[in-house]
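A.B. asks: There's a structure below that I have some questions on.
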Amino acid sequence: MTATRIDGKAFAATVRGKVAKGVAALNTAHGITPGLAVVLVGEDPASQVYVRNKGLQTVEAGMASFEHKLDAETPEADLLALVAKLNADPAVHGILVQLPLPKHIDEAKVLSAIDPAKDVDGFHVLNVGLLGTGQKAMVPCTPLGCLMMLRDHLGDLSGLNAVVVGRSNIVGKPMAQLLLGDSCTVTIAHSRTKELAEVCRRADILVAAVGRPEMIPGDWIKPGATVIDVGINRIPAPEKGEGKTRLVGDVAYDSAVQVAGAITPVPGGVGPMTIACLLANTLTACCRANGLPEPE
Ligand code: NDP
């Protein structure tokens, strides 16, 4: 039997629909429009695509979108000044500074300058600390989307063995915190982990966030496990024509689908959920800023 394909695209559309309803209700009842400001420094082509998609989906959900595109040479002080301006702007409820930033800018300094209440990416140390101590935080969008798909597919996660491969601040670590918060027994694996295949085979929930194309083969997966593939890797696809490429995850989908109970595809799995969660976080931030009940 092959694994159930967890359709992140469809789930994300549902989440966006709920957010749009929440936005409309907020507007009707209180005359408030949530606003999301996205700051892009430089011309990284992948970042440009993300920022465009974020802007489009923000407007589709009925929110205000403020895009700030800065030159790659922008001094750090100018970026910090823009962040300060957005922090003070009552029409802006969420601020996202697209990473990576050019090398001459201190990423940690910029992220710490964002008002934690507007930090819809959840990267500010205050939000990291709140999440780590089980308090109400702004939760990073990618792991939040993964958790939503896991809960939707499995229901109660308590007591399950979860293995997160990858320990980055933006995916691996917050993912592990969220799974711990749902009472999983969590293992975080990384490049120094010994017997990685054995570690993965113990997982009822396997989250791959490595950035290495198809690194995890089907025989590393426990039969029936739920696999969330966060990786987005572009590889050559000569079968599509000269110079063509295609996207693959960190999991070898064709072999994994024969063993797993359920799996997210790449593309169409975690990716669309990330933007949906960004919109959900912006709505939440807006409700909190106005002392209104948060959406479920
Ligand atoms: P990072 O490069 O920051 O982290 C990668 C992690 O993988 C590190 O912890 C690293 O370990 C670990 N790793 C690297 N090689 C191995 C190995 N051979 N065995 C075990 N662990 C290894 O990446 P990100 O967390 O930012 O992103 C991971 C992937 O997720 C990327 O493909 C990225 O494109 C994708 N992504 C997708 C998003 C989405 O919306 N779907 C959003 C964000 C990211 P160590 O710490 O020891 O170096």
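A.B. asks: Say we look at region 265-293 and pick out the residues that are within 14 Å of the ligand (Cβ to nearest atom) and not in a helix (DSSP H, G or I); which of these is nearest to Met148 (Cα to Cα)?
C.D. replies: Per the criteria, the residue is Gly269.
A.B. asks: Separate question: For Lys85, state whether it is exposed (fewer than 15 other Cβ atoms within 10 Å of the Cβ) and either in contact with a Leu (Cβ under 6 Å, 6 or more places away or on another chain) or outside the structural domain of Val41 (by TED's automatic domain parsing) (or both).
C.D. replies: Answer is no for this residue.
A.B. asks: Checking the structure you have, find out if any residue of region 141-156 is within 23 Å of Gly268 (Cα to Cα), surrounded by 17 or more Cβ atoms within 10 Å (Cβ to Cβ), of a type in the set (S, T, N, Q) and at pLDDT 95 or above.
C.D. replies: Checking region 141-156: at least one residue is within 23 Å of Gly268 (Cα to Cα), surrounded by 17 or more Cβ atoms within 10 Å (Cβ to Cβ), of a type in the set (S, T, N, Q) and at pLDDT 95 or above.
A.B. asks: Filter region 251-264 down to residues that are under 21 Å from the mean Cα position of the chain (by Cα) and crowded, with 24+ Cβ neighbours inside 10 Å and give me whichever is farthest from the ligand (Cβ to nearest atom).
C.D. replies: Among those residues, the one meeting the criterion is Ile263.
A.B. asks: Right, next: Restricting to region 170-192, give me the number of residues that are away from the ligand (no atom under 12 Å from the Cβ) and free of Cβ contacts under 8 Å to residues at least 12 places away in the same chain.
C.D. replies: Number satisfying all stated conditions: 1.
A.B. asks: For region 210-228, name all the residues that are of a type in the set (A, V, I, L, M, F, W, C) and either exposed (fewer than 14 other Cβ atoms within 10 Å of the Cβ) or within 16 Å of the ligand (Cβ to nearest atom) (or both).
C.D. replies: Of all residues in region 210-228, those of a type in the set (A, V, I, L, M, F, W, C) come to 210, 215-216, 220-221, 225, 227-228.
Residues satisfying the conditions are Val210, Met215, Ile216, Trp220, Ile221, Val227, Ile228.
A.B. asks: Residue pairs, Cβ under 9 Å, 6 or more apart or interchain, first in region 157-169 and free of Cβ contacts under 8 Å to residues at least 60 places away in the same chain and under 8 Å from Val186 (Cα atoms), second basic (Lys, Arg) and surrounded by 18 or more Cβ atoms within 10 Å (Cβ to Cβ). List them.
C.D. replies: Between residues of region 157-169 that are free of Cβ contacts under 8 Å to residues at least 60 places away in the same chain and under 8 Å from Val186 (Cα atoms) and residues that are basic (Lys, Arg) and surrounded by 18 or more Cβ atoms within 10 Å (Cβ to Cβ), the close pairs are Asn161/Lys222; Val164/Lys173.
A.B. asks: While we're on this one: Taking into account only those residues within region 138-163 that are of a type in the set (Val, Ile, Thr) and within 16 Å of Asp121 (Cβ to Cβ), which is farthest from the ligand (Cβ to nearest atom)?
C.D. replies: Restricting attention to region 138-163, the residues satisfying the condition of being of a type in the set (Val, Ile, Thr) are 139, 142, 163.
Now drop any that are not within 16 Å of Asp121 (Cβ to Cβ), which leaves 139, 142.
On the way: Val139: 14, Thr142: 4 Å.
Here the answer is Val139.
A.B. asks: For region 147-161, what are the residues that are within 18 Å of the chain's Cα centre (by Cα) and of a type in the set (A, V, I, L, M, F, W, C)?
C.D. replies: Once the filter is applied, which keeps residues that are within 18 Å of the chain's Cα centre (by Cα) and of a type in the set (A, V, I, L, M, F, W, C), region 147-161 yields Leu147, Met148, Met149, Leu150.
A.B. asks: Let me ask something else about it. Being assigned to a helix (DSSP H, G or I), at pLDDT 95 or above and not hydroxyl-bearing (Ser, Thr, Tyr) narrows it down to one of Leu40, Leu80, so name that one. Explain how you work it out, then say what you get.
C.D. replies: Numbers: Leu40 fails: assigned to a helix (DSSP H, G or I).
So the residue among Leu40, Leu80 that is assigned to a helix (DSSP H, G or I), at pLDDT 95 or above and not hydroxyl-bearing (Ser, Thr, Tyr) is Leu80.
A.B. asks: In region 61-88, which residues are over 30 Å from Ala24 (Cα atoms), of a type in the set (A, V, I, L, M, F, W, C) and in contact (Cβ under 8 Å) with a residue 24 or more places away in the chain? Can you show your working first?
C.D. replies: Going through region 61-88, the residues over 30 Å from Ala24 (Cα atoms) turn out to be 70-81.
From the residues that got through so far, the ones that are of a type in the set (A, V, I, L, M, F, W, C) too are 70, 72, 77, 79-81.
Across region 61-88, the qualifying residues are Leu70, Ala72, Leu79, Leu80.
A.B. asks: Oh, and also: Select from region 45-74 the residues that are of a type in the set (Val, Ile, Thr) and at pLDDT below 95 and write down the one among them that is surrounded by the most Cβ atoms within 10 Å (Cβ to Cβ). Talk me through it step by step, then tell me what you get.
C.D. replies: Residues of region 45-74 of a type in the set (Val, Ile, Thr): 49, 51, 58-59, 74.
Still in the running and at pLDDT below 95: 49, 51.
Details: Val49: 10, Val51: 20.
Ranking the qualifying residues of region 45-74, first place goes to Val51.
A.B. asks: For residues that are surrounded by fewer than 16 Cβ atoms within 10 Å (Cβ to Cβ), outside any helix (DSSP H, G or I) and of a type in the set (Gly, Ala, Ser), tally how many sit in region 88-100.
C.D. replies: Selection size over region 88-100: 1.
A.B. asks: Give me the residue from region 229-243 that is free of Cβ contacts under 8 Å to residues at least 40 places away in the same chain and within 16 Å of the ligand (Cβ to nearest atom) and, out of that set, surrounded by the most Cβ atoms within 10 Å (Cβ to Cβ). Break it down into steps so the answer makes sense when it comes.
C.D. replies: Let us first name the residues in region 229-243 that are free of Cβ contacts under 8 Å to residues at least 40 places away in the same chain, namely 231-243.
If we keep only those that are within 16 Å of the ligand (Cβ to nearest atom) too, we end up with 231-235.
Working: Gly231: 24, Ile232: 18, Asn233: 17, Arg234: 11, Ile235: 10.
Restricting to residues being free of Cβ contacts under 8 Å to residues at least 40 places away in the same chain and within 16 Å of the ligand (Cβ to nearest atom), the top hit is Gly231.
A.B. asks: Do we find that Ile205 is within 12 Å of the ligand (Cβ to nearest atom), under 23 Å from Lys9 (Cβ atoms) and either crowded, with 24+ Cβ neighbours inside 10 Å or modelled with pLDDT of 95 or more (or both) in this structure? Quick ask: steps written out before the conclusion?
C.D. replies: On the way: within 12 Å of the ligand (Cβ to nearest atom): no; under 23 Å from Lys9 (Cβ atoms): yes; either crowded, with 24+ Cβ neighbours inside 10 Å or modelled with pLDDT of 95 or more (or both): yes.
For Ile205, the condition - within 12 Å of the ligand (Cβ to nearest atom), under 23 Å from Lys9 (Cβ atoms) and either crowded, with 24+ Cβ neighbours inside 10 Å or modelled with pLDDT of 95 or more (or both) - is not met.
A.B. asks: Hey, another quick one. For region 89-116, what are the residues that are within 13 Å of Cys286 (Cα to Cα) and either under 18 Å from the mean Cα position of the chain (by Cα) or in the same structural domain as Val171 (by TED's automatic domain parsing) (or both)?
C.D. replies: Hits for region 89-116 are Gly94, Ile95, Pro116.
The values are calculated or read from the model by the stated rules, or taken from the named source; none is laboratory data. All figures in this text were calculated on a predicted structure; none of them were measured in a lab. Counting neighbours? That spans all protein chains shown, and the Cβs are built from the backbone with ideal geometry, glycine included.
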